[in-house]
Structure formats: C-alpha cells, structure tokens
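I have placed the structure first, in the form of structure tokens, so that the comments after it can refer back to it.
The values are calculated or read from the model by the stated rules, or taken from the named source; none is laboratory data. In this text, all values refer to a predicted model and were calculated from it rather than measured experimentally. Note that each Cβ is placed from the backbone with ideal geometry, even for glycine, and that neighbours are counted across all protein chains shown. Only protein heavy atoms, including side chains, enter the accessible area calculation; ligands, DNA and RNA are left aside. Shrake-Rupley method; radii C 1.70, N 1.55, O 1.52, S 1.80 Å.
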Amino acid sequence: LANGCCVSSSAVAAAEIFKMAASTEAPEPWYLALLGFAEHFRTSSPPKIRLCVHCLQAVFQFKPPPRVEARTHLQLGSVLYRHTKNSELAQTHLEKAWFISQQISQFEDVKFEAASILSEFYCQQNLVDSAKPVLRKAIQISQQTPYWHCRLLFQLAQLHALEKDLVSACDLLGVGAEYARVMGSEYTRALFLLSKGMLLLMERKLSEVHPLLTLCGTIVENWQGNPIQKESLRVFFLVLQVTHYLDAGQVQLNPYGLIIGNHSSLPLAAQRAHVCVTVMHSMQAGYLEKAQKYTDKALMQLEKLKMLDSSPILSTFQVILLEHIIMCRLVTGHKATALQEISQVCQLCQQSPRLFTNHVAQLHTLLGLYCISVNCMDNAEAQFTAALQMTTHQELWTFIVTNLASVYIREGNRHQELYSLLERINPDHNFPVSSHCLRAAAFYIRGLLSFFQGRYNEAKRFLRETLKMSNAEDLNRLTACSLVLLGHIFFVLGNHRESNNMVVPAMQLASKIPDMSVQLWSSALLKDLNKACGNTMDAHEAAQMHQNFSQQLLQDHIAACSLPEHNLISWTDGLPPGQFQPQNGPTTSLASLL
C-alpha cells in the first residue's frame, strides 16, 4: 500500500546539494564538500558506506544550524538503516531528525521523510507500537502537504493491514480517498479506493466490494492522465475484479477481464499481480498447461528480481505462484516435480517467520494433496488435520474439509468422521462460503459417496448439479470428473450408450486440461465399454491408451516416492525439516488410482 502513490526514498542524500542551493540559506563550502564526498562514497561501486558515514558525521564538528543538523541526522539514519546492521545508531539519528525537524517551520521534506523512515525502521525492528504514534502525528500535521499526507496515510494503513487490523486500515484508506477527492486528485483517489477494495476482498466483505469496484471502474475510465499511470490503475482494478470473481468461484468473467494491453510498460508490481491472477484463473478454469506456462515465466522473472531487490513481497508472490503450480503438477502427473516445489516453499517459508505463519496451513494442505496422489491415505489425513488446526480462513477450511472427505470415502471405513464432515459442507443447506467452485465440488463429493454406496440415482442427482454449476463457470476439471463418474454409473447400470456419451467428452476434456488421473479412469472405462459392445478395435486402442497412462503414472509415482523430500509427508508440527534422508523406493502402490 505504502508505495501506491509515491516514489521510493532510497537515496535521501542524492539531491541534497541542489536542495540547499535552492533554499534561502547559502550552503557553506565545508558542507558542500562533505556532502559531495559522502555522496561520492555512497554511489561508488561497490559503495564505501563507512567513508560515507564518516563524512556525514564530520558535519556535526562544525556545529551546523538546525536545518543542516536535522537533514544530516536523516541522511545518517537512512544510510545506516539501509546499508549497515548498526540499528541502534540508525535509530538514534532518525529519532533526532524527527524531533529536531518538528521544531522547524517550512521544513516538510525532512520532517515527513524522517517520520516515514523512522516508522519503517520501527516496524522492521518489531516496534510497531512505536511506529504508530509517529505516523499519526505526521499525518495530523501534514494536511497542507498533499503528497506526504497521502503517503503517510498509505503507510499507516499498511501497518494496520500487516497486523491484520483490516478495519482500521480500511478506515484510513477511506479517509485518504475523501482527502484526494477534495484535493482534486482522481488518480490518488482511485489508488486509495482500490487499496481499500483489496482489503475488503481479504475480509471477504463481498457485498461491499462490488459497489466500490463499480465506482473505481468509473473513476479509472474517466481519468485523463499519464497513459502508463492509467494503464497501471486499470491493471490494479482488473486484478481485483478478477480476484473478486474467483473468490466467488466464478471463472467466467466480463469480456475485458484479462485483456490488458502492453504488460511490459507496467510497473513490476502490477505485472507480477497480473501474472498471479492469470495463473489462478487458468488453474481454476482447468487450463493447466497455460497456468504452468505463466507460472514458469513469472518464477524466472521473480528470481531475477530477487537478485536486485530483497523486498518481502517478492517471496510472497513466489510462494503464491508455487502453491498454485504444485496443484497443477499433481493433476498433470508430475508428482516428483510437485514434491520438489513443496520443498522449495518450505525453504522460502523458513526464511521468514511471517511467511511461514501465513502459509503453513497451505503447506500441509499441499502435502495432503500429494499424499492422496501417491496413495498414502493415513498421511493425507494427518496433513489435512494439521492444516485444519492452523487456519481460520473459511475458503481454505472448506477446501481442506472437501479433500479430507474424499480421503474418508476412499478408505471406506470412516463413516462417522465422514458424515460429520459432510454435514459441515452441505451444498444444499447453509454452505459455509460463497464460492461457486467449492459448492460445486461439495456436490461432487456427495455424488462420489453415493456412487460407492451403490445409490446410483442419488449419485446422478448430485453429479448433474455439479455439471450444471461447473458448466456455468467453465470449471473444466470438475466437469471432466463429473462426466467420467456419470459414465461409470451408466456403465454399471448397463446403459452403454449413455455411458459412452459421458466418457468420450470426459476423455476429450481431460486430454485438454491435461488431467492424467481422469484420462486413466476414462481409458479404463472406454476399454471395458467397447469390449462390452463388441468393438474390438476400439477396445484395443483404449487398452493401449490405458497402458500408456498407467506407465507414465507409475514412473512418476516411483520417482516421487524415491525422493528424499518424500519424508515431508510425516511432518505435521513445528518447522519443516531442513534435511531429508534418502528413500529406498515407494512404499505404496497404484492400485487405487481407479
């Protein structure tokens, strides 16, 4: 949020000579010389930070006037904070800059820069309670300085958002939007409103998001300004709009949903956010090859950016992309690669306590999905149970419960636990979330249970409901799963023609995704179906396809279970293990893939 309408302040000293020369004071020659040397050392390759600090400290030997003193404290504090580990000295200089500058009139640039950087420093040192009063005071006295007033509002809103106090953050963004409206800055107003919309999405206040996005869309379209800034606003708006639909489980978007012109001209943050949402959209729609293509491209770009910038947002984007692509890999029959990427997410999360806290439930969920794919059902149950204990996110909770129910169905002897779960995700009554996709999946799970229990008419009702919902929103994988299961039901009932009408499109859709498990299931059904109908050639062709899919899955199964990272399936508490013992080979079979 803090970078929404402002430029980074990473080089405070860069323009100091020009500032002094333009001011009413005539800069002393000694000051210009020391400042020039300090800047020379700071911008050397490699930077000579120790010499830069010495030059700036020498300014105090001349007992400079308050303006020079405050500015030098700010420069020293910034250099020490950005380039050294001497946090105590950095804090001292930044606090002095903030204190002295408040006593000086018409000194806004140093005053508010000091407040901003000092607050940022406090947050990095986990001194959030010290940062808040500094920002509040700075906001209070900056109302006649629009640039700094808006920037500081964004910064305090971001601080509240990081603390999960989204209500306070939204209130501040609302104040900023009204201030920008009064000041006549529609661009800044749009940034405040879009940032507020992002937080409302995080709070799942979908009823408030829709009118706000409608207003934002009007502001963005009507704003006549810098074309690149307008395109950036439009990307921000469309990313939120698409995310809003995806949160509701609605994949079919308005025709302009992801058509966003020349991405290379956009700010990097906007490009990364757009790619993340494109991956989410492609994955939920079942276009997994497209999702993998976008993810591979984005991950390469992120690796390059991380060499230049250590911003935590880069690791967050990386983890989000990996989480989505891991699920794609499990579906497309690349379990070994998925497992290595799960290990990569573990390593990224170990580098940041906040990242680990925010993603530990997702990690256990991914491991649970991996366990299902390699038929380790006891481990899958343990992973999903651990994930449920670590999340309060309703959509994630529902996703986990849905998959845990599928584990109990496959185990066949966990009736009490299964029915308890199904009561909590009843798609016909008080479904816990508004997600269209998750509700369709809940119908599928009930259809699957009815199929295993031999209640075929009931199963058909649930699966037809899944088909209706998944077709409405292009949820291709759910459509393919429902079709093949319906085909299986019709085959069991002896209705070969209707079975063929289900299985053939299921196979076509599964090939398009591509979904290896559904292709394996469909080819087995086609083999039996054609054999029953006396179509020898077609039966032989289907049998060959089934053999090919089986071999591919078997090879991937062996490769995944042989990796040392396979030991992660036993991790259910605390930090993930840093080292892995080599595996002797798979301990599970492919027997239950059908």
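The candidates Tyr370, Tyr419, arranged from most to least accessible area with a 1.4 Å probe in the full protein assembly, appear as Tyr419, Tyr370.
Basic side chains Lys and Arg get +1 at the Cβ, acidic Asp and Glu get -1 at the Cβ, and with that the dipole of region 32-163 about its Cα centre reaches some 240 debye. How large is the accessible surface of Lys468 in square angstrom, using a 1.4 angstrom probe and rounding to the nearest 10? Number for this one is 130 Å². For region 305-411, the Cβ-based charge dipole about the Cα centre amounts to some 180 debye (Lys, Arg positive; Asp, Glu negative; other atoms uncharged). What the Cβ-Cβ distance of Glu108 and Ser434 gives, at R0 = 35 Å and to the nearest 0.05, is a FRET efficiency of 0.15.
In this structure, the residue pairs whose Cα-Cα separation is over 29 Å, taken from Lys85/Lys304; Lys164/Lys335; Lys196/Lys293; Lys335/Lys512, are Lys164/Lys335; Lys196/Lys293. Taking 0.36 nm per residue of sequence separation and removing the Cα-Cα distance, the Asn426/Ala472 pair yields an extension gain of 14.5 nm. Within the full protein context, the accessible area of Trp148 is estimated at about 20 Å² for a probe radius of 1.4 Å. With both labels modelled 7 Å from their Cα along Cα-to-Cβ, the Asn495 to Glu303 distance reads 5.1 nm.
With the charge dipole of region 456-564 set up from +1 on Lys and Arg Cβ and -1 on Asp and Glu Cβ about the Cα centre, the Cα lying farthest toward the positive end among the listed residues Asn535, Val518, Met545 is that of Asn535.
When the charge dipole of region 293-422 is built from unit charges on Cβ atoms (+1 for Lys and Arg, -1 for Asp and Glu) and taken about the Cα centre, the candidate among Thr357, Tyr408, Leu330 whose Cα reaches farthest toward its positive end is Leu330.
Selection among Leu159, Ser116, Ile100 by position relative to the dipole of region 32-163 gives Ile100 as farthest towards the positive end (Cβ unit charges, Cα centre).
How many Å² of accessible area per residue for region 32-163, probe 1.4 Å? Kindly include the intermediate steps, with their values, before the conclusion.
Numbers: 6250 Å² over 132 residues.
Dividing the accessible area of region 32-163 by its residue count gives 47 Å².
In this label model, Asn535 and Arg204 are separated by 4.5 nm, measuring between points 7 Å along each Cα→Cβ vector.
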